[in-house]
Amino acid sequence: MNHRLNDVLFNVAEETLEKLAFMFVSREYDREDIDYDSIVAASISFSGPFSGNLVLTISTNCVPELSANMLGVEEDETTPDQQDDALKETLNVICGNILPAIAGKKAVFNITAPFIVNGMEDIKKAVEKVDGKGPASVVRMEMDGEQCDIFLYIDGEIPEDFFND
Amino acid sequence: MALNVLIVDDSGVMRAMIKKTMLMSGLPLGEVYQAGNGKDGLEILNQNWIDLVVVDINMPVMNGEEMLSQMRENPGTKDIPVVVISTEGSQTRIERLIKKGASFIQKPFSPELIRDIVKEITGIGGDDEPPVK
Ligand SMILES: [Mg+2]
């Protein structure tokens, strides 16, 4: 796993969560896997100079706050649909910002619509990708005592340039 | 004069955020119309007087780039100011949008940037302080 890629992914995730949803995260370097029993996940795919997908997993407890902060309302005023929407849009913004950070500003990517992954088994499948190699990057974070992990999968190789400049 | 605004984004939460940000910036908003894709956005444009269009790029059915192109080909909508607010980070694509006369704001955005760009392209002032509720 590439440490520089992890740093870039963390920086983008941190900035997005802070600016978009006023959620403040800290990085956790040696925590165990997220607790699959109490999380929701969203996934988004991209294609371009390289293709792959990005998976965001977050403690269920954090999601009402995420959506409430984005909407500027109280947590109990948000609907389950809005909570899913907020999670998907957050992932969408992280994805849109991480790709040029890796491939440069000239690269053109197509990003598919993000979707929610439901159920522990499907989340595990999305995250572990038993069929392929492991993620190119994983970042584990903590927010308000809850957990949030992001997994970046890349099909093929990461552009050489990324390691040079 | 109040601005009639059309906000087009496939995320309802994002549409609400953009609307809230514009209200808080003290921009004089009239009617605020919303659509979840470019096709529905064009339909609203054809039926209503709109002063400003805010549009996302990645959307199902019809994306924002296609919507902008169709707006520019129609004499009734070709001069309406357009702000693209998107996660798009590709300079190549952003330049293509700017050539079609759109302004560009990348997500996540700051409220000040939205206010300043809207003021600039519409020539309509907004207060620096949020309006008294
Ligand atoms: Mg979108």
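In the range B:99-113 there is no residue that is under 24 Å from residue A:46 (Cα atoms), more than 13 Å from every other protein chain (Cβ to nearest Cβ) and either open to solvent by 20 Å² or more (accessible area, probe 1.4 Å) or within 14 Å of the ligand (Cβ to nearest atom) (or both). Of the residues making up the range B:63-88, not one is acidic (Asp, Glu), assigned to a loop (DSSP other than H, G, I, E, B), over 23 Å from residue A:101 (Cβ atoms) and in contact (Cβ under 8 Å) with a residue 24 or more places away in the chain. Restricting B:80, B:85 to those that are more than 16 Å from the ligand (Cβ to nearest atom), touching an Asp or Glu at 6+ places or on another chain (Cβ under 8 Å) and hydrophobic (A, V, I, L, M, F, W, C) reduces the list to B:80.
Looking at the range A:48-143, the helices (runs of 4 or more DSSP H) lying wholly inside it that each contain 3 or more residues that are surrounded by 19 or more Cβ atoms within 10 Å (Cβ to Cβ) sit at A:63-71, A:80-103. Taken as a whole, the structure places residue A:12 among residues that are open to solvent by 10 Å² or more (accessible area, probe 1.4 Å), of a type in the set (A, V, I, L, M), within 14 Å of chain B (Cβ to nearest Cβ) and under 14 Å from the mean Cα position of the chain (by Cα).
Among the residues of the range B:29-56, those identified as open to solvent by less than 20 Å² (accessible area, probe 1.4 Å) and in a strand (DSSP E or B) are B:35, B:52, B:53, B:54, B:55. The requirement of being assigned to a strand (DSSP E or B) and away from the ligand (no atom under 16 Å from the Cβ) is fulfilled nowhere in the range B:6-28; no residue meets it.
The values are calculated or read from the model by the stated rules, or taken from the named source; none is laboratory data. Predicted model only: the values in this text are computed from it and were never measured. Neighbour counts are summed over all protein chains in view; Cβ atoms, including those assigned to glycine, are modelled from backbone coordinates with ideal geometry. The protein model used for the area step is the full one, side chains on, heavy atoms only, and it has no ligands, DNA or RNA in it. Shrake-Rupley method; radii C 1.70, N 1.55, O 1.52, S 1.80 Å.
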